[in-house]
Amino acid sequence: MALRLTAAIVLVMETLVGGKLSTWEDIGLTDSEYRDSLGRDYIFFEITEPEQLAFTYKANPASFTPPWNDTFNGIKLVATDPPCGCGFVLNADEVEGQIALVERGDCSFVSKVIKAQEAGAVGVIVADKDHENDELFISMVDDTTEREVAIPAVYILGKNGHMIKRTLAQLNRDSALVNIPVNISRIAPHQLNQPPWLVW
């Protein structure tokens, strides 16, 4: 019995290492089970440029904003000045018509999104201020001020936000090109192009 079990384990490992699992169907999950394994409420986006950041990122949508019904391909992701996005956006000319990247802290999530909205952003990505946070997704909830938000927003891990901003600074770039949201429902987990600095 032990010998058979060992042989079965070896066979499974050879299949995994051999890279024969090419689609989500090969791992024996239904479409529903696969979406559950990723997190049903998350959305995903990918950075296409610069290549140093060209990975697929997981994000948690805000509860108080419209959903990401429109797909934006090749749109710029621009960090706001100030980084917290709580005051007047000084680089509104760069943010207008693009996705704003802001840091958590100093004011409510609603305030951040509204300031980006006033600057002309079409969407907002909020990054945790904790640069070491590589696993805890915060839920962005309404601040009960009943202010109207017209653009979608998501929350990303602090580690991702830090790496994006640091890499852009090193490359002397003021923006990255992103596709958001992207549909990964037909891609096997081991085929996702995840950031190398964290594991989902």
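Computed quantities for the displayed model
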{"quantity": "Among residues of region 125-135, those that are surrounded by fewer than 19 Cβ atoms within 10 Å (Cβ to Cβ) and in contact with a helix residue (DSSP H, G or I) (Cβ under 8 Å, 6 or more places away or on another chain), counted", "calculated": "5"}
{"quantity": "The one condition in (1) touching a residue at least 40 places away in the same chain (Cβ under 8 Å); (2) aliphatic (A, V, I, L, M); (3) buried (at least 22 other Cβ atoms within 10 Å of the Cβ) that V122 fails to fulfil", "calculated": "(3)"}
{"quantity": "Number of the exception - C107 against (1) at pLDDT below 95; (2) farther than 24 Å from T71 by Cα; (3) within 19 Å of the chain's Cα centre (by Cα); (4) not acidic (D, E)", "calculated": "(3)"}
{"quantity": "Residue, farthest from V182 (Cα to Cα), within region 45-75, restricted to residues that are among the charged types (D, E, K, R) and within 14 Å of the chain's Cα centre (by Cα)", "calculated": "K58"}
{"quantity": "Residue within region 136-156 that is aromatic (F, W, Y), assigned by TED's automatic domain parsing to the domain that holds R173, touching a residue at least 24 places away in the same chain (Cβ under 8 Å) and farther than 23 Å from N193 by Cβ present", "calculated": "no"}
{"quantity": "Test: residue in region 165-179 that is among the hydrophobic types (A, V, I, L, M, F, W, C), under 16 Å from N60 (Cβ atoms) and either in contact with a strand residue (DSSP E or B) (Cβ under 9 Å, 6 or more places away or on another chain) or at pLDDT below 95 (or both)", "calculated": "no"}
{"quantity": "Top-ranked residue of region 124-164 - restricted to ones that are of a type in the set (S, T, N, Q) and closer than 12 Å to F64 by Cβ, ranked as modelled with the lowest pLDDT", "calculated": "S139"}
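The values are calculated or read from the model by the stated rules, or taken from the named source; none is laboratory data. The shown structure was predicted, so the numbers you read here are calculated from the model rather than taken from an experiment. So basically every Cβ, Gly included, is an ideal-geometry build from the backbone, and we count neighbours across all protein chains shown.
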